[in-house]
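Below is one structure; the comments refer to it alone.
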Amino acid sequence: MKILIVDDDRSTRMLMRAFLTRSHSEVVEAGDGRQALEVFEHEQPDMVIMDVTMPVMSGYEAAAVIKQRSVGRFVPIIFLTSLSDDESLAKCVESGGDDFLSKPFNGVLLQAKISAMMRIRGLYQQLEMYRLRTEEELILARHAFHTVTHRVEDDIPGLQHWTCSAGHLSGDLILYDKAPSGRIFGMLGDFTGHGFSAAIGALPVSDIFFAMVRKDWKLPDIIAEINRKLHEILPTGHFCAACFVTVDPDKSSVKIWNGGLPEALLIDDQRHVVERFPSRNFALGVVASSQLDIELMTVKGVNSGSLLVYSDGLCDAVSPAGEMFGSERLEITIQGSRGRPLFSFVQKTLQAYIGESEIPDDISLLEIPVA
């Protein structure tokens, strides 16, 4: 262990050097705060023992700079001081000190404080290693999540989507694709919770969705198979609220199944809500597919407009004042988008409303054109 001793009194530095070298520590010295910064940069010590009152630069000032320069690693600073009033000792901590010791120093007490600081340093290093490993795993998980859920070969004109995660990984899932028949399929799912535990269900759901859509299976069959898989793998209490959509441009029809999500909205070109599709079913994974009602809500003769599907995190989002965005404000926003792009107007309005507030739940928004 390398320790930097900072004191303008040479005899104090000599005594401390003699004491510390007996415990097999490597010692480097500085005579004032400014010199301490130079030695710190060059030697990169593991710990600093520093006097408070020194010429050129005080221990308080030097400690603050050392803490700024040691971001990413824990370098304990023990102040060695003859001051004993509460205000001075409190300033030791405020300036970045981790402990203090009165002059003249007691060797047994100093060794005990050094040992305590090194234990804390060891814990800090373990936490830093854990953080780095977690970041690597998150990068891999995000890459895998994106690869598995984004498999559309050709963009669908007018289809737009956005997800804002409340955790490291989103528990919301947006899938869409075009079948060989020309039908457009879309799904917005909201798994219980958020983060790893929620995102893990996205992998089997994505596999089933894309495989069955590209074989032109009917929507009820896709829903039944996804529910069967989630009912099989998800533990009790975990499920996926979901809304499935299929748009058939040739027949000017829209079919929707909603299990546990807020009502989907069919919006015309004048930004009027012309049809609502509330949840009428269990969320996916709650019951076996044989018990699941897979009757679709159907609207025919739809030649223009958009279908807006969103997770409950959108209405639950709060402003800095703590007020929820709410479904009423969403519809006012939709009406206010007349003459402007619907999706971007809703998204930007919501983001401006949230500001710097933390979101309590994942937010997802999906617009599917029905023209």
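The values are calculated or read from the model by the stated rules, or taken from the named source; none is laboratory data. A quick note: this is a predicted structure, and the numbers were derived from the prediction, not measured. Quick reminder, even Gly has a Cβ in these numbers, built from the backbone with ideal geometry, and neighbours come from all protein chains shown. The area values use the complete protein model at the heavy-atom level, side chains included, leaving out ligands, DNA and RNA. Shrake-Rupley method; radii C 1.70, N 1.55, O 1.52, S 1.80 Å.
Computed quantities for the displayed model
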quantity: Pro369 being modelled with pLDDT under 95, over 24 Å from Leu169 (Cβ atoms), open to solvent by less than 80 Å² (accessible area, probe 1.4 Å) and out of contact with any Phe, Trp or Tyr (no Cβ under 7 Å at 6 or more places or on another chain); calculated: yes
quantity: Residue satisfying condition, being open to solvent by 40 Å² or more (accessible area, probe 1.4 Å), at pLDDT 95 or above and closer than 23 Å to Ser344 by Cα, within set Glu263, Glu225; calculated: Glu263
quantity: Candidates Leu203, Leu173 - the one that is open to solvent by less than 30 Å² (accessible area, probe 1.4 Å) and either touching an Asp or Glu at 6+ places or on another chain (Cβ under 9 Å) or over 19 Å from Asp312 (Cα atoms) (or both); calculated: Leu173
quantity: Candidates Ser357, Ser327, filtered to the one that is under 17 Å from the mean Cα position of the chain (by Cα) and outside any strand (DSSP E or B); calculated: Ser357
quantity: From Ala352, Ala321, residue being part of a helix (DSSP H, G or I) and farther than 30 Å from Ser252 by Cα; calculated: Ala352
quantity: Filtered residues of region 228-248 (kept if open to solvent by 30 Å² or more (accessible area, probe 1.4 Å) and either among the β-branched types (Val, Ile, Thr) or on the phi > 0 side of the Ramachandran plot (or both)); calculated: Ile233, Thr236, Gly237
quantity: Odd one out for Gly33 among (1) farther than 29 Å from Leu132 by Cα; (2) modelled with pLDDT under 90; calculated: (2)
quantity: Strands (runs of 3 or more DSSP E) contained in region 158-252 and holding at least 1 residues of a type in the set (D, E, K, R); calculated: 172-178, 184-191, 240-248
quantity: Lone unmet requirement of (1) surrounded by fewer than 14 Cβ atoms within 10 Å (Cβ to Cβ); (2) modelled with pLDDT under 90 for Gly59; calculated: (1)
quantity: Residues of region 327-353 classified as of a type outside the set (S, T, N, Q) and touching a strand residue (DSSP E or B) at 6+ places or on another chain (Cβ under 7 Å), total; calculated: 5
quantity: Elements of type strands (runs of 3 or more DSSP E) contained in region 1-98, each with 1 or more residues being without any contact (Cβ under 8 Å) to a residue 40 or more places away in the chain; calculated: 26-30, 77-81
quantity: Glu356 of a type in the set (Asp, Glu) and exposed (fewer than 13 other Cβ atoms within 10 Å of the Cβ); calculated: yes
quantity: From the options Gly336, Gly322, Gly285, residue that is in contact with a helix residue (DSSP H, G or I) (Cβ under 9 Å, 6 or more places away or on another chain) and surrounded by fewer than 16 Cβ atoms within 10 Å (Cβ to Cβ); calculated: Gly336
